[in-house]
Amino acid sequence: MSDPLHILGGGSLGLLWAARCAQAGIDCRLILRTPQALEQWQARDDRLILEQQGVQHPLQVRAELADATSPIQHLIVATKAWAVAGAVDDIAPRLTEHSQLLLLQNGLGSQQSVSQRFPALRVLYASVTDGAWKRSANHMVWAGVGQTLIGDPQGGQAPAWLQQLSQAQIAWQWEPDILAVLWVKLAINCAINPFTALHDCANGAVPVHAGAVFPALLADLHQLLNSQGVALSFEQLQQRILDVIQATAGNSSSMRQDLAAGRRTEIDFILGHACRNARQAGLDTPTLDALYQQLRQHLAERGLPLD
Ligand code: KPL
């Protein structure tokens, strides 16, 4: 029998991955943050509801806390980017020299900090484009089926345990250059998420709200991607962004959802990371910088953290 898959984080993405594993009969454990959350989970008989296209699928997933004692071989980290450092610190005593981690975060920066924290472990990064949100603590709505690209920033082949993801019907592919994929995703998030947050609009309304700023922003993002070794023409980048806007036109971006719920956003791992790297590369990115400042001000006015 293979080791259980541990999924760290009871947010929408953690629940989505846990639900699909449970549906496929894969032994998986959800790691929750607080004793209260665990108590409530167990009081509902470990029940998790996966809702897709209005149909509810009741499933059972066992949950535990980070300080349970069993060692962890395969850990999928599904927390928000800003929660990763604390969450992996809590789980560190349960990792062994053979443990492997798979990081599902948005943006960039949190992944590199985990790689630095565990230099001897294999740490894989993923880009996930599924859309999901939580109706309640144990009820998750899978709003948009996406694609998952997984890779190892240090190179190498896909480890065998990832085959369990195929068994769980998770549409994933091994990606030899995962950092380039994550940089392009970060650029897409920089082009969409701030406008949806500033104007409280769906993704489809971004070009109208952004107006003349949009092409200037894409030019800054294009420069930034080039400086990171991502070979994409301006036209290709523009098309990728417009395609995502079209495909997710009716969706609320993750940043807009966070803002509406009064939650901390991932601004620092998206725009913050972009602006810091632009400075380090000696680039001039005035439109990106101004958008970052405007968003910081918007969050500050609502009492939300800027990091
Ligand atoms: O990844 C996204 C997000 O909301 O963070 C996009 C691509 C904008 C889709 O909503």
Exercise. Which one of these does R263 not meet: (1) open to solvent by 50 Å² or more (accessible area, probe 1.4 Å); (2) part of a helix (DSSP H, G or I); (3) within 15 Å of the ligand (Cβ to nearest atom)?
Worked result: (2)
Exercise. Looking at (1) aliphatic (A, V, I, L, M); (2) over 18 Å from D307 (Cα atoms); (3) open to solvent by less than 60 Å² (accessible area, probe 1.4 Å), can you tell me which one A231 breaks?
Worked result: (3)
Exercise. Any idea how many residues of the stretch 71-99 are under 24 Å from Q173 (Cα atoms) and either touching a Pro at 6+ places or on another chain (Cβ under 6 Å) or small (G, A, S) (or both)?
Worked result: 3
Exercise. How many of the residues in the stretch 1-39 are assigned to a loop (DSSP other than H, G, I, E, B) and out of contact with any Gly (no Cβ under 9 Å at 6 or more places or on another chain)?
Worked result: 12
Problem set entry | From A87, A120, residue being among the hydrophobic types (A, V, I, L, M, F, W, C), in contact with a Lys or Arg (Cβ under 8 Å, 6 or more places away or on another chain) and away from the ligand (no atom under 16 Å from the Cβ) | A87
For this session: Would you mention how many residues in the stretch 10-50 are open to solvent by 10 Å² or more (accessible area, probe 1.4 Å) and either under 14 Å from K80 (Cα atoms) or touching an Asp or Glu at 6+ places or on another chain (Cβ under 9 Å) (or both)?
Result: 9
For this session: Could you figure out which of (1) part of a strand (DSSP E or B); (2) farther than 22 Å from Y125 by Cβ isn't true of Q42?
Result: (1)
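Yes or no, residue by residue, for (1) at pLDDT 95 or above; (2) surrounded by fewer than 20 Cβ atoms within 10 Å (Cβ to Cβ); (3) over 25 Å from A22 (Cα atoms):
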residue: P58; (1), (2), (3): yes, yes, no
residue: A81; (1), (2), (3): yes, no, no
residue: Q116; (1), (2), (3): yes, yes, yes
residue: L121; (1), (2), (3): yes, yes, yes
residue: N138; (1), (2), (3): yes, no, no
Problem set entry | Residue that is surrounded by the most Cβ atoms within 10 Å (Cβ to Cβ) [pool: residues in the stretch 268-307 that are assigned to a helix (DSSP H, G or I) and of a type in the set (G, A, S)] | A274
Problem set entry | Selection status of A274, more than 12 Å from the ligand (Cβ to nearest atom) and at pLDDT below 95 | no
Exercise. Give me the pairs: first residue in the stretch 240-268 and in the same structural domain as V184 (by TED's automatic domain parsing) and closer than 19 Å to L221 by Cα, second residue of a type in the set (S, T, Y) and more than 8 Å from the ligand (Cβ to nearest atom), beta-carbon distance under 6 Å, and six or more apart or on different chains, which are they?
Worked result: M255/T265
Exercise. Looking only at the stretch 248-260, which residues are under 15 Å from D130 (Cα atoms) and either more than 10 Å from the ligand (Cβ to nearest atom) or not in a helix (DSSP H, G or I) (or both)?
Worked result: T248, A249, G250, N251, S252, S253
Exercise. Pick from A187, A126, A132: which is buried (at least 19 other Cβ atoms within 10 Å of the Cβ), within 16 Å of the ligand (Cβ to nearest atom) and at pLDDT below 95?
Worked result: A132
For this session: Give the number of residues within the stretch 144-184 that are polar (S, T, N, Q), within 16 Å of the ligand (Cβ to nearest atom) and surrounded by 14 or more Cβ atoms within 10 Å (Cβ to Cβ).
Result: 1
Exercise. List the pairs whose first member sits in the stretch 106-133 and is closer than 21 Å to V244 by Cβ, whose second member is basic (K, R) and crowded, with 19+ Cβ neighbours inside 10 Å, and whose Cβ atoms are under 8 Å apart, counting only residues at least 6 apart or on separate chains?
Worked result: N106/K80; N106/K185; S127/K185; T129/K185
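The values are calculated or read from the model by the stated rules, or taken from the named source; none is laboratory data. Fair warning: this is a prediction, and the values are worked out from it, not measured in the lab. A quick note on method: Cβ atoms are made from the backbone with ideal geometry, for glycine too, and the neighbour counts reach across all protein chains shown. SASA here: full protein model, heavy atoms, side chains in, ligands and nucleic acids out. Shrake-Rupley method; radii C 1.70, N 1.55, O 1.52, S 1.80 Å.
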